[in-house]
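Notes to accompany the following structure.
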Amino acid sequence: MEKRRINRCHLAAFYDQLRREERERSTIEKYCRDVKQFAVWLCEGKVKAGAVTKEAVSRWKEHLRGQGYKPETINGKLSALNKFLSCVGWTECRVKYLKI
């Protein structure tokens, strides 16, 4: 199985997609910032080999809860990450939002 890693090409493609969708600049910046936050968390060794998996995304969601983020904030970050995962074709790694 291929080890999925977030790289600059993925981030550039995501940025371009958001621009093509005519998203607001602030939205693009927030979505990219949230995806980078996830990528940094992965690189810190919180999951095996820093690979993007559904398990890793679920663990990040739980990590955010443990950090005291509000459910609305967590769902916003998950929205950005789920959109990114769709953009790069890793749809099986997407997770559900928190119930509010």
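Could you report the chain's accessible area per residue, 1.4 Å probe, as an integer in Å²? Display every interim value, and only then the final one.
Working: 6440 Å² over 100 residues.
Per-residue value: 64 Å².
The distance separating the Cα centre of the stretch 1-25 from that of the stretch 44-100 comes to 16 Å.
Of all the accessible heavy-atom surface of the chain, with the other protein chains kept in place and a 1.4 Å probe, what percent is carbon and sulfur? Don't skip to the answer; put the middle values down first.
Details: 3070 of 6440 Å².
Using a 1.4 Å probe with all protein chains present, the chain comes out at 48 percent carbon and sulfur.
Tell me, in nm to one decimal, what length is gained between residue 67 and residue 30 on full extension, where the rule is 0.36 nm per residue of separation less the Cα-Cα distance?
Numbers: separation 37, 0.36 × 37 = 13.32 nm, distance 1.89 nm.
Taking residue 67 through residue 30 to full extension adds about 11.4 nm, to one decimal.
How high is the relative contact order of the chain, in percent, with contacts defined as C-alpha pairs under 8 Å that are six or more residues apart? Working shown, then result.
Details: 79 pairs, mean separation 31.9, N = 100.
Relative contact order for the chain comes out at 32 percent.
Where nothing but the Cβ of Lys and Arg (+1) and of Asp and Glu (-1) is charged, how large is the charge dipole of the chain around its Cα centre, in debye to the nearest 20? Don't jump to the answer; show the numbers that get you there.
Working: 23 positive and 12 negative charges, 39 e Å.
The calculation lands at about 180 debye.
All Cα-Cα distances of the chain, cut into 5 Å bins from zero to the largest, leave 2, 13, 25, 26, 20, 11, 3, 0 percent in each bin in turn.
The values are calculated or read from the model by the stated rules, or taken from the named source; none is laboratory data. On a predicted model such as this, the values are computed, not experimentally measured, just so you know. Neighbour counts are summed over all protein chains in view; Cβ atoms, including those assigned to glycine, are modelled from backbone coordinates with ideal geometry. Remember, those area values only see protein heavy atoms, side chains included, never the ligands or the DNA or RNA. Shrake-Rupley method; radii C 1.70, N 1.55, O 1.52, S 1.80 Å.
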